[in-house]
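K.L.:
Below: one structure in structure tokens.
The values are calculated or read from the model by the stated rules, or taken from the named source; none is laboratory data. Keep in mind that this is a model prediction, so the values were computed, not measured. We place every Cβ from the backbone using ideal geometry, glycine too, and count neighbours over all the protein chains shown.
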Amino acid sequence: MLCYYIHIIPNEPDEAPRPVVRHCQPDVRPACASAEDTVTRTPVELDELRVTAEKGRRTALAPLPTDILSGDALMHRRQGGLGETLAGLPGVHLDNFGGGASRPVIRGQTLPRIEILSDGAPVFDASSVSPDHAIGTDPLLLDAIEVIRGPAAVLYGGSAMNGAVNLIDGRIPTRLPENGVTGAAEVRLGSGDQEKTGVGRITAGVGQVGLHAEVARHNADDYDIPGGTLQDSFAEGTTASAGASWITERGYIGAAFTRQDSKYGLPGHSHKNGVCHTHGIDLHCEAHGSYEDPFGSSDDHTAYIKVRSERTDIRADYDDPMPGFAHIRLRLSHTDYQHDEIDGPALFNRYTNEVDDGRIELTHKPLFGFTGTFGVQYTEGTFGGLNVNNLHVAFPENGYGFVPPNYQKTRNKAVLLSESRSFGPIDLDIGLRKDWREIRVPVPEFRVNFTPFYEELFASWYGPDWKNVIRESDVEIFQTRNPTTRQNPFSASLGATWNIRDGYSASLNIARTERAPSVRELYAYGNNLASNSYEVGLVRSGSVSDTFPDSRTDVLETTRSVDLIFCKVGGVLEYEVGVFHQDIKDYVFARLIETENETGVPHNYLLYTAADATLEGVDGQISLQYGAGHRTTLFGDYVRADLKSEDDNLPRIPPGRLGVRHAWSSGPYSLDAEYYHTYAQNRIASYETRTKGYDMLNATFAYRLELTERQAAEFYVRATNLLNREAYVHTSFVKDQSPLRGRSMVLGVRYTF
């Protein structure tokens, strides 16, 4: 709240292609395999993670490594958050915040440098602006999760510069059930957090109309950690969806409505630093004058977030829509997202995000040997809640100023093109995307709450039109400090895959991507209690102190990247190994100014700035199949990050990891066990501490019972952290407050028909 407190005189102002594959069969091809590969393999039902991609998907992403987690492997690994579900895939770590919020980290980066998609359309929530904000999806209702490691910006925009996660669901039927109706039900009970989960879904066909309904409900208490329980790590939620579509032999068009309600705790949350404010380059965490403590109460309350999200989707895919074109694809969505941040009795902030998004793609038939897709995308949204921690505080008597929250209105237009062609054993892929983005900050409500005495006093100072005089002065200051930003990022990639022979291939992808800074990176100005920091964005730095860099609205994070992938499919030995290098100009990061310990809870003063950086690393897996239904996989990843122009390291970079997984199946029985070691992270930023390494052992045993030709039941038990090791993840903003779960078990039964 920008507000002035009146004593004697007024204070000065305070400062394409076809839809992604829906079912990952045991014999789907790795991302680096040729669409024309004719290697014959015998399918073996294994619950494992396989490097896969949609057959025939020839886009600019084709040379990039792509994992698809689906079927039993997805069912058994699902956790309450997307990050926990995906952690353990090659190149994927997590940024966790208790049991309710976890974000995937791909090749050392998380949101806003990776994009979260729902069947190719962006997911809109508030997860990109703070680590305690959950991603707006429920893994319990997903059919598959596609993870792209590497620069996917040519298809999905600059936020996908490090990768993308595509969430595949069945809320809009794309084909009619063979016998008129299909469905599933599942029940899970967990020991480590007293989890109780129920899932139900059904799809029916009536003529050419497909109908679908689904619901998932989960409830989990605070989870166990070695030596005790992590307070306020509870999570509960309900997600329900209903959809319908018109289906023909050449395609479909349909719509669905989804509502998600959830509530989860914030472990280790403290509001003591809500009083922190700045005096130029100095961070001060003590109340004085007009700087009051917005909470003014004990710090022993439970802090939690309560989410309500509603989303409407329209999707269509149609073959041979017109002469010269093979396919048309439409994705439209409207999202109305809101979450409340509550500490004891105080609702201290409310984030909102209302967004309309539309995308249409046309895939043309071969032209001069090239096949490709042209697309356009338009997004318009209003985001609110940034920089607010005092929504519960009444507007003061004899005060005037702007009433929170501020809103950031974003408008983005984009065009994209991808083309591919084969030259003998060489597959060539080209991708281009151009965006035009504008963010403006409308002037918020201006309020005056004076007693008659002060009204007369101000009238004597400024004349009869005194309200407009002080408002216009404040509006000018507000607009100077919150300027409209316009960026026009452009991304391009060139990829080639050499299909050698007998399942061997090598791929090279070169990309130049541009990313416009996120809303927080631009407009942050205030306390972020989730990360215990006071943050100043790019457009505010110059107004805070003359010693800080000038305010900037023109920053474009530009990455030049090279990805090299070696792949072997077929036979008893298979592998996929990727090596990457990124050279980044104007990498936006939070630089430490100082750490204040006045309240007893360390609070970092962070200034968003741009500097040059490099990221490089390796990730992949090698698997060996032997005997009857046995497969052993060795997997690992490593990322190194360097700030070229700073005497510091980038924060929250994951350490190296190496592991082994064994999968076995025989008739109705299957077993999957994995062990990996995460190494210590000693290359740390100036405001970080060293994170020790840990070992993790997980296992799943399942028994499948065929009831009838169309009905089956599966009973499974999933055990995680069997060694009950104390584990902290360096990628978390609150690693010391939020260790990983201790030993826990989940018992489940799934019925399909």
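K.L.:
Given the criterion over 30 Å from residue 417 (Cα atoms), among the hydrophobic types (A, V, I, L, M, F, W, C) and surrounded by 15 or more Cβ atoms within 10 Å (Cβ to Cβ), identify the matching residue among 204, 164, 160.
P.N.:
Details: 164 fails: over 30 Å from residue 417 (Cα atoms); 160 fails: over 30 Å from residue 417 (Cα atoms).
Being over 30 Å from residue 417 (Cα atoms), among the hydrophobic types (A, V, I, L, M, F, W, C) and surrounded by 15 or more Cβ atoms within 10 Å (Cβ to Cβ) holds for just one of 204, 164, 160, which is 204.
K.L.:
Further question on the same structure: Any residue that is within 30 Å of residue 602 (Cβ to Cβ), crowded, with 16+ Cβ neighbours inside 10 Å and among the polar types (S, T, N, Q) - is there at least one of those in the range 232-254? Please lay out each step first, then the result.
P.N.:
Start the filter on the range 232-254 by keeping residues that are within 30 Å of residue 602 (Cβ to Cβ), which leaves 232-235.
From the residues that got through so far, the ones that are crowded, with 16+ Cβ neighbours inside 10 Å too are 232-235.
Now restrict to residues that are among the polar types (S, T, N, Q): 233.
Yes, the range 232-254 has at least one match.
K.L.:
In the range 701-753, which residue that is small (Gly, Ala, Ser) and assigned to a strand (DSSP E or B) is farthest from residue 532 (Cα to Cα)?
P.N.:
712
K.L.:
Criterion first (in a strand (DSSP E or B), buried (at least 16 other Cβ atoms within 10 Å of the Cβ) and either small (Gly, Ala, Ser) or in contact with a Ser or Thr (Cβ under 9 Å, 6 or more places away or on another chain) (or both)) does residue 308 satisfy it?
P.N.:
Details: in a strand (DSSP E or B): yes; buried (at least 16 other Cβ atoms within 10 Å of the Cβ): no; either small (Gly, Ala, Ser) or in contact with a Ser or Thr (Cβ under 9 Å, 6 or more places away or on another chain) (or both): yes.
No: the conditions fail for residue 308.
K.L.:
A follow-up question, please. In the range 176-201, what residues are in contact with an Asp or Glu (Cβ under 6 Å, 6 or more places away or on another chain) and surrounded by fewer than 20 Cβ atoms within 10 Å (Cβ to Cβ)?
P.N.:
Applying the first criterion (in contact with an Asp or Glu (Cβ under 6 Å, 6 or more places away or on another chain)) to the range 176-201 yields 192-194, 199, 201.
Residue satisfying the conditions is 194 alone.
K.L.:
Can you say whether residue 278 is within 30 Å of residue 606 (Cα to Cα), surrounded by 17 or more Cβ atoms within 10 Å (Cβ to Cβ) and either of a type in the set (Ser, Thr, Tyr) or at pLDDT below 95 (or both), as far as the supplied structure shows?
P.N.:
Yes.
K.L.:
Identify, please: which residue in the range 460-498 is small (Gly, Ala, Ser) and surrounded by fewer than 14 Cβ atoms within 10 Å (Cβ to Cβ) and is, among those, nearest to residue 425 (Cα to Cα)?
P.N.:
The qualifying residue nearest to residue 425 (Cα to Cα) is 473.
K.L.:
For residue 394, only one of the following conditions fails: (1) touching a strand residue (DSSP E or B) at 6+ places or on another chain (Cβ under 7 Å); (2) not in a strand (DSSP E or B). What is its number?
P.N.:
(1)
K.L.:
Follow-up. Mind checking which residues of the range 499-527 are over 18 Å from residue 110 (Cα atoms) and of a type outside the set (Gly, Ala, Ser)? Break it down into steps so the answer makes sense when it comes.
P.N.:
So in the range 499-527, the residues over 18 Å from residue 110 (Cα atoms) come out as 499-512, 523-527.
If the condition is that a residue be over 18 Å from residue 110 (Cα atoms) and of a type outside the set (Gly, Ala, Ser), then 499, 500, 501, 502, 504, 508, 509, 510, 512, 523, 525, 527 are the ones that fit.
K.L.:
Does residue 623 fit the bill of being touching a strand residue (DSSP E or B) at 6+ places or on another chain (Cβ under 6 Å) and not in a strand (DSSP E or B)?
P.N.:
No: the conditions fail for residue 623.
K.L.:
It is to be established whether one or more residues within the range 140-154 are more than 19 Å from residue 333 (Cβ to Cβ) and either over 23 Å from the mean Cα position of the chain (by Cα) or among the charged types (D, E, K, R) (or both).
P.N.:
Yes, some residue in the range 140-154 is more than 19 Å from residue 333 (Cβ to Cβ) and either over 23 Å from the mean Cα position of the chain (by Cα) or among the charged types (D, E, K, R) (or both).
K.L.:
In the range 544-563, which residue that is surrounded by fewer than 16 Cβ atoms within 10 Å (Cβ to Cβ) and not β-branched (Val, Ile, Thr) is modelled with the highest pLDDT?
P.N.:
The selected residue is 560.
K.L.:
For the range 344-369, how many residues are among the charged types (D, E, K, R) and crowded, with 21+ Cβ neighbours inside 10 Å?
P.N.:
The number of residues fulfilling the criteria is 2.
K.L.:
Here's something else I'd like to know. Within the range 331-343, which residues are of a type in the set (Ser, Thr, Tyr) and either surrounded by fewer than 16 Cβ atoms within 10 Å (Cβ to Cβ) or not in a strand (DSSP E or B) (or both)?
P.N.:
none
Yes/no per residue for (1) in contact with a Phe, Trp or Tyr (Cβ under 6 Å, 6 or more places away or on another chain); (2) farther than 28 Å from residue 416 by Cα; (3) of a type in the set (Gly, Ala, Ser):
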site: 504; (1), (2), (3): no, yes, no
site: 512; (1), (2), (3): no, no, no
site: 518; (1), (2), (3): no, no, yes
site: 527; (1), (2), (3): yes, yes, no
site: 541; (1), (2), (3): yes, yes, yes
site: 555; (1), (2), (3): no, no, no
site: 562; (1), (2), (3): no, no, no
site: 574; (1), (2), (3): no, yes, no
site: 578; (1), (2), (3): no, no, yes
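K.L.:
Test each condition in (1) in contact with an Asp or Glu (Cβ under 7 Å, 6 or more places away or on another chain); (2) not in a loop (DSSP other than H, G, I, E, B) for residue 131 and report the one that comes out false.
P.N.:
Of the numbered conditions (1) in contact with an Asp or Glu (Cβ under 7 Å, 6 or more places away or on another chain); (2) not in a loop (DSSP other than H, G, I, E, B), the odd one out for residue 131 is (2).
K.L.:
Would you pick out the residues in the range 395-454 that are under 36 Å from the mean Cα position of the chain (by Cα), more than 30 Å from residue 377 (Cβ to Cβ) and of a type in the set (D, E, K, R)?
P.N.:
445
K.L.:
Now a separate question. Would you mention how many residues in the range 149-204 are among the small types (Gly, Ala, Ser), part of a loop (DSSP other than H, G, I, E, B) and out of contact with any Gly (no Cβ under 8 Å at 6 or more places or on another chain)?
P.N.:
The initial filter retains those residues of the range 149-204 that are among the small types (Gly, Ala, Ser), namely 150, 152-153, 157-160, 163-164, 170, 180, 183-185, 190-192, 198, 200, 204.
When the remaining residues are screened for being part of a loop (DSSP other than H, G, I, E, B), the result is 150, 152, 157, 170, 180, 191-192.
Checking the rest, the ones that are also out of contact with any Gly (no Cβ under 8 Å at 6 or more places or on another chain) come to 157, 170, 191.
So the answer is 3.
K.L.:
Here's something else I'd like to know. Just checking, which of 530, 511 is in a strand (DSSP E or B), among the hydrophobic types (A, V, I, L, M, F, W, C) and either surrounded by 21 or more Cβ atoms within 10 Å (Cβ to Cβ) or at positive phi (or both)?
P.N.:
Working: 530 fails: in a strand (DSSP E or B).
Matching residue, one of 530, 511: 511.
K.L.:
Inside the range 155-190, can you point out the residues that are in contact with a Lys or Arg (Cβ under 9 Å, 6 or more places away or on another chain), closer than 27 Å to residue 254 by Cα and among the β-branched types (Val, Ile, Thr)?
P.N.:
168, 172, 174, 182
K.L.:
Would you confirm whether any residue within the range 382-397 is surrounded by fewer than 16 Cβ atoms within 10 Å (Cβ to Cβ), under 25 Å from residue 154 (Cβ atoms) and among the aromatic types (Phe, Trp, Tyr)?
P.N.:
no
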